[in-house]
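So the structure is just underneath, and the comments pick up after that.
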Amino acid sequence: MAEEAERFTALYDACRQHVWAYAVSRAGRQVADEVVSETFVIAWRRFADIPEPPLPWLLGVARNALRDSARAQARREALTAEVQGWNESPEEDFADEVADRNLILRALASLGEGDREALVLTAWHGLHAHEAAKVVGCSATTMRVRLHRARKRLAQALDLDRQAPPVATFVPVAVKAVGEEA
């Protein structure tokens, strides 16, 4: 274990500056330190898998970490924009938006697990079909077919839900005060 730690330290000392420079050139100084840390954590976990020379492999890991970081940043920005959008138009009636969301959630809940998973991976998590395919463990073509079918089923479920009679609403009954006549 001590020998492995020494070899890893030597690898870190030899390649850290190159990985950091690569990350800075792609994403700036703020992100570079995080990417270097992530790269070498992965290198430590997969130390036996690192080929010779190690630098191209490490730069590939850094590239993936940068891509993941960019995706996470895009999701944060989209969420921030969404939340800010809620606050910018207070004069709108949110009841319609809530009703639409409930309609979509009911339609989504009526679908099978496979359809829900395909839709959630792409719509909620922002994955492309080929990325969702990796998560599910199928080919990109199969995932595109699944998505197509899931979207059709969701549209059908939404149409059926819109055509369904409304749920009975609570209508308060007039209560007589004590001593009042009917």
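The values are calculated or read from the model by the stated rules, or taken from the named source; none is laboratory data. Computed from a predicted structure; not experimentally measured. Cβ coordinates were reconstructed from backbone atoms using ideal geometry, including for glycine residues, and neighbour counts include every protein chain displayed. Quick note on the areas: whole protein, heavy atoms, side chains included, nothing else; ligands and nucleic acids left out. Shrake-Rupley method; radii C 1.70, N 1.55, O 1.52, S 1.80 Å.
Table: residues versus (1) hydrophobic (A, V, I, L, M, F, W, C); (2) closer than 23 Å to Gln156 by Cα; (3) modelled with pLDDT under 90; (4) assigned to a loop (DSSP other than H, G, I, E, B).
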| site | (1), (2), (3), (4) |
| --- | --- |
| Arg67 | no, no, no, no |
| Arg75 | no, no, yes, no |
| Thr80 | no, no, yes, no |
| Gln84 | no, no, yes, no |
| Glu91 | no, no, yes, yes |
| Ala99 | yes, yes, yes, no |
| Ile104 | yes, yes, yes, no |
| Leu111 | yes, yes, yes, yes |
| Val120 | yes, yes, yes, no |
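Could you count how many residues in the stretch 142-162 are open to solvent by 90 Å² or more (accessible area, probe 1.4 Å) and polar (S, T, N, Q)?
Adding up the residues that qualify gives 1.
Return the only residue of Ala62, Ala10, Ala43, Ala23 being surrounded by 10 or more Cβ atoms within 10 Å (Cβ to Cβ), more than 29 Å from the chain's Cα centre (by Cα) and at pLDDT 90 or above.
When all the criteria are applied, what remains is Ala10.
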